[in-house]
1. Please state the charge dipole magnitude for the chain, taken about the Cα centre, from unit charges on C-beta atoms (+1 on K and R, -1 on D and E), reported in debye and rounded to the nearest 20.
2. Taking Cα pairs under 8 Å and at least six residues apart, what relative contact order does the chain come out at, in percent?
3. Please figure out what share of the DSSP beta bridges in the chain is antiparallel and state it in percent, rounded to the nearest 5.
4. Taking only DSSP H segments of four or more residues, each worth -39500 (n - 2.57), what value at 222 nm results for the chain once the sum is divided by all its residues, to the nearest 500 deg cm²/dmol?
5. Any idea what log10 I(q)/I(0) is at q = 0.18, 0.20, 0.29 Å⁻¹ for the range 265-312, Debye with uniform C-alpha scatterers and no solvent?
6. Return the long-range amide H neighbours of residue 68 (sequence gap of 5 or more, or a different chain), with a cut-off of under 5 Å between placed amide H atoms.
7. Label point 7 Å out from residue 217 along Cα-to-Cβ: which residues of the range 154-173 have amide N under 17 Å?
8. Say each of residue 345 and residue 12 gets a label point 7 Å from the Cα, pointing the same way as Cα to Cβ; how far apart are those two points in nm?
Amino acid sequence: MNYKNILSKLTIDEKIKLTSGTSLWDFFGVERLGLRSIKVADGPHGVRVNKKIPVNGEVFGKENLEKSTMFPSAVAMASTFNPDLIFKVGETIGKECNMFGIDILLAPGVNSKRSPLGGRNFEYYSEDPFLTGEIATSYINGVQSTGVGACIKHFALNEQETQRRFINTLVDERTLFEFYLAPFEKAIKNANPYTIMSSYNRVLGDYAGESKFLLKDVLRDIWEYDGAVISDWGGVQNKIKSIKNGMNLEMPGTSEFEYLVKEAILNGDLTEEELDNSLIPLFVLYNKIEKNSNKGLKTSLLDNHKVASKVAEEGIVLLENDGILPIKMGKKIAVVGDFAKNPRINGGGSASLNPYITEIPLEELSKKYDVTFTEGYIEEFTSEELIKNIKETVKDKELVIFFTGSPKSYDSEGYDRAHMLLP
């Protein structure tokens, strides 16, 4: 693709429109020149595909989502310590992206677990930058082996969800490069993701999506990254500054700031050459996407679920076993806890999707053992009656299996946990 030739055919208004998305999940595209739009989708634990454009903010409602394979959360993926398996995860999700017509998967997230209270810890790999970098590299290489682009996020220092749009993260140089940036560097150098997503927060005084230090000095000059930089959704505060300092695409669309770009060009605050240079990575990306010969190919969701099951198997962490496991056949078992019947299978926000298959623990146990069940609690709440039912259920049982965990309100993007207590 001759970028200069195409840029010469675009009007200023068309160029400005290319700096931001065309909808919630699309960007690029110039119909009169035969350039199609590029379609993106969340997320790290399986592709989330909308049947239609959501209205009234119903972005994550299951009724509007196609069924796709749900993989164990990122923390479980890293707990496998198996890069080859995670390559297979990325490859499998990439195949589903192709089936649903998705060009770029908005994953993986490689921020660090700076605190156990992090609201998005389930969606990130590890508190160890080396492990995170290794797993992310395999995931990205797996996705991109199918012709689909990956989008590594959130660059950088998005280790806090509460007030994430406003905080200013201060960090010394050694800690920054050896800890927080290390997973990004490893993945970019060893997998070269098609895109990278900037974070909401400020870093050393500047918003990450407007930071010359992050987007030019580190990403382009030191790491020699040649992909496209896109903003987190609604993450651009100063569009002119973001364009000048290395942001290639503001998401989602359409942008309310486009008129400011036109004004900046007319008054000389932004040159057309600067605008053209910011668009070139998008044309390079478009060229990569157009070479994908796998788009539209079908894949078996049933087979894909077997890959997810393998991750669950290898990601399980057994803290202690006093001879209870494996459970002997013929035992009379009490199963306590609503999560046995309504399993908590994912965190809230962009990682949520509509699973093709969800195994129900109570049903699976009942296939093998003589099981008596009681709820004990529902989400965060219990009662005297529910507790009384527990006492009755566990009488004369040889084994009690208790399902516990965090309710939906505890783990999500946008806010951190207030404490580590179970409800």
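The values are calculated or read from the model by the stated rules, or taken from the named source; none is laboratory data. Values in this document were obtained by computation on a predicted structure and should not be read as measured data. Cβ sites come from the backbone with ideal geometry, for glycine too, and all protein chains shown count toward neighbours. What goes into the accessible areas is simple: the full protein's heavy atoms, side chains included, and nothing from ligands, DNA or RNA. Shrake-Rupley method; radii C 1.70, N 1.55, O 1.52, S 1.80 Å.
1. On the way: 50 positive and 60 negative charges, 187 e Å.
Here the chain has a charge dipole of around 900 debye.
2. Values: 816 pairs, mean separation 88.2, N = 423.
RCO, the chain: 21 percent.
3. Numbers: 8 of 35 bridges.
Of the beta bridges lying entirely in the chain, close to 25 percent run antiparallel.
4. Helices in the chain give a 222 nm mean residue ellipticity of -9000 deg cm²/dmol.
5. -0.74, -0.80, -0.97
6. Those lying under 5 Å, H to H, from residue 68 are 354, 356.
7. 156-157, 169-173
8. 5.3 nm
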